[in-house]
Amino acid sequence: MASILVAGGSLGGLMVANMLLRDGHDVRVLEKVPGSLDGRGAGIVTHKRLVEGLLRAGLDADASLGVAVPGRVLLDARGEVQTAFDLPQVLTSWSRLYSLLFDIFPRERYVQPATVSEVRADPDGVTVRYGSQALRADLLIASDGIRSAVRQQLAPHIQPQYAGYVAWRGVCDEAVLSRRTREMVFERFAFGLPAGEQLIAYPVAGPGHALAVGQRSYNIVWYRPANASELRALLTDADGDYHAAGIPPNKVSWRAVAAMRTAARELLAPQFAEIMEKTAQPFLQAIYDVSSERIAFGRVALMGDASFVARPHVGAGVTKAAEDAMALSDAIRAHGATPAALAAYETERLKVGQAIVERGRRLGGYLQAYSGGARRARSASEDIDVAHDTAIELDGFTVEDLLSVRGAQQD
C-alpha cells in the first residue's frame, strides 16, 4: 500500500482519490476551500468514458446522473425551430457529480481548508506543506484547477491564456418558465447562433438534485466576445474591485447583468431571453486555454484542469479528468507508486491533452474573430454559413451535423 496525496477535492480530485482508495492505497485529499463545494458549477454533458470513470470510482451503476433528453433543437432569433432531430443523451450537473463522489469518499481523508504552499520532491517521496502542517507521501497528484498552485511551482511559465471571449452562465428553475419555453426547449438540448456568438442550453437536476417534472432546472451558456478592456470591466464588481482570477457569482456587477439581459432580449430567441431574465444569479466565466509541456515531475503529476484546460466547446472537460484519473490508476497498478508510473501516465495523456486544447482553439476561432469588437448585423442563414465554414462543434456535435440533418429532413 502506497501513500498518495491529491491536491484539489473537486470532481477530478475525487475521481482519482476514490479510484486509488479502491485500489488499496492510503489516500488523502487536500482541498483549499472550507466547507462543502456542493452547489457550485453548472451543467455537464455526459459521455461513455465519463460514466466508465464514475463506475471505477465506486459509483453505483444504478445511480441517476441527471436528465435524459431525446434530441436537439436549433432556434433562430425569432424563436422558431431551424433544426430538430433525435439524439438521446443524459445531461448532468457539477453539483450532482460532486455530491455522488463526495458521499463515497471517507470524510476523515478529506482535509480542508488546506491550501498547498510548498511541494518538495526527492527520490524517495514528496513533502507537501499547507498552512503550518506538512504531509509526507510516495506521490502527489495535483488536481487543483486552472490556476494550480502545484503547477505554479513546477512549471511557472505555463499560465492560462485568455481566448478573447466569455461565457454568461446560469441555472434557471423549471417552475418559473412560461409554458411555451418549457414545451419548445426544456426537454431538449437547445442551441442558438447569434452573429459571432454561441448559446447552448439543456435541462439538469433541480435544487436538491430533484429530477421530477416541474422541479428541475435549465442550464444555459452564452458565449460572447470580449476584448481585454471589456473583460476587465466584466471582472470588476459594483464596488470597483477587480477580480483578475475570476469573479465570484455574487460579485458580478448588477450593471453587467442588466446589460447582458438587455442584449439577450435584442439578440436571442425569446425563449433563451426569458431564461436569462429569470435566472436568479447569472455568473461569468472568462474562457482560457492551458496547455502543458510536461505533466509528470518525478513523484508529482498534474491532471484535470491543472494539466490542460480546453475551451468548453469540446464538451468533455470532466470526461478528460475521468480519463486522466483512470490512466493514473492503471499506471500505478502497473508500476507501483513510483516515478515510472507517472512517466507512463505522461506518455499516455500528454499528447491527448495537447490535442484537446488545440481542438478547442480551432472550434472557438469563430468567436475569437469578433473579440476585437467588430460586429455587424447578418441574416440567420449567413450566420449559419459562417458557423458551417469554421466547423464549430457544440458540445460534441458540429453545426455541420445540424445542417446535414436539416437538409435530410427537407429533402
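The values are calculated or read from the model by the stated rules, or taken from the named source; none is laboratory data. Worth saying up front: this structure is predicted, and the values here are computed from it rather than measured. With ideal geometry, Cβ positions are generated from the backbone for all residues, glycine too; neighbour counts draw on all protein chains shown.
Some points to look at:
Conditions tested, residue by residue: (1) touching a residue at least 24 places away in the same chain (Cβ under 8 Å); (2) touching a Lys or Arg at 6+ places or on another chain (Cβ under 9 Å).
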| site | (1), (2) |
| --- | --- |
| Leu74 | yes, yes |
| Gln112 | yes, yes |
| Arg120 | no, yes |
| Val128 | yes, yes |
| Ser132 | no, no |
| Asp138 | yes, yes |
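- Unique residue being assigned to a helix (DSSP H, G or I), aliphatic (A, V, I, L, M), without any contact (Cβ under 8 Å) to a residue 40 or more places away in the chain and assigned by TED's automatic domain parsing to the domain that holds Arg232 when the list is Ala327, Ala263, Ala355, Ala331: Ala263
- Restricting the search to strands (runs of 3 or more DSSP E) fully inside the stretch 1-91 and requiring at least 1 residues that are of a type in the set (Gly, Ala, Ser) and over 21 Å from the mean Cα position of the chain (by Cα) gives 3-7, 66-75.
- Those residues of the stretch 52-88 which are crowded, with 18+ Cβ neighbours inside 10 Å and either of a type in the set (Phe, Trp, Tyr) or over 23 Å from Pro270 (Cβ atoms) (or both), in sequence order: Gly53, Leu54, Arg56, Ala57, Leu59, Leu65, Gly66, Phe85
- Taking the conditions (1) modelled with pLDDT under 95; (2) farther than 24 Å from Asp76 by Cβ; (3) under 22 Å from the mean Cα position of the chain (by Cα) in turn, Gly372 satisfies each one other than (3).
- Counted residues, the stretch 109-137 - those being touching a strand residue (DSSP E or B) at 6+ places or on another chain (Cβ under 9 Å), farther than 24 Å from Phe308 by Cα and outside any strand (DSSP E or B): 4
- Residues being of a type in the set (Ser, Thr, Tyr) and crowded, with 19+ Cβ neighbours inside 10 Å - total across the stretch 261-290: 1
- Selection status of Ala175, touching a residue at least 40 places away in the same chain (Cβ under 8 Å), out of contact with any Cys (no Cβ under 8 Å at 6 or more places or on another chain) and of a type outside the set (D, E, K, R): yes
- Across the stretch 142-159, the qualifying residues are those that are part of a loop (DSSP other than H, G, I, E, B) and of a type in the set (A, V, I, L, M), and the one among them that is nearest to Val33 (Cα to Cα) is Ile146.
- Residue check for Ser99: in the same structural domain as Ser36 (by TED's automatic domain parsing) and at pLDDT below 95: yes
- Checked against the criterion of being touching a Lys or Arg at 6+ places or on another chain (Cβ under 9 Å) and at pLDDT below 95, the candidates Ala149, Ala142, Ala84 yield just one match: Ala84.
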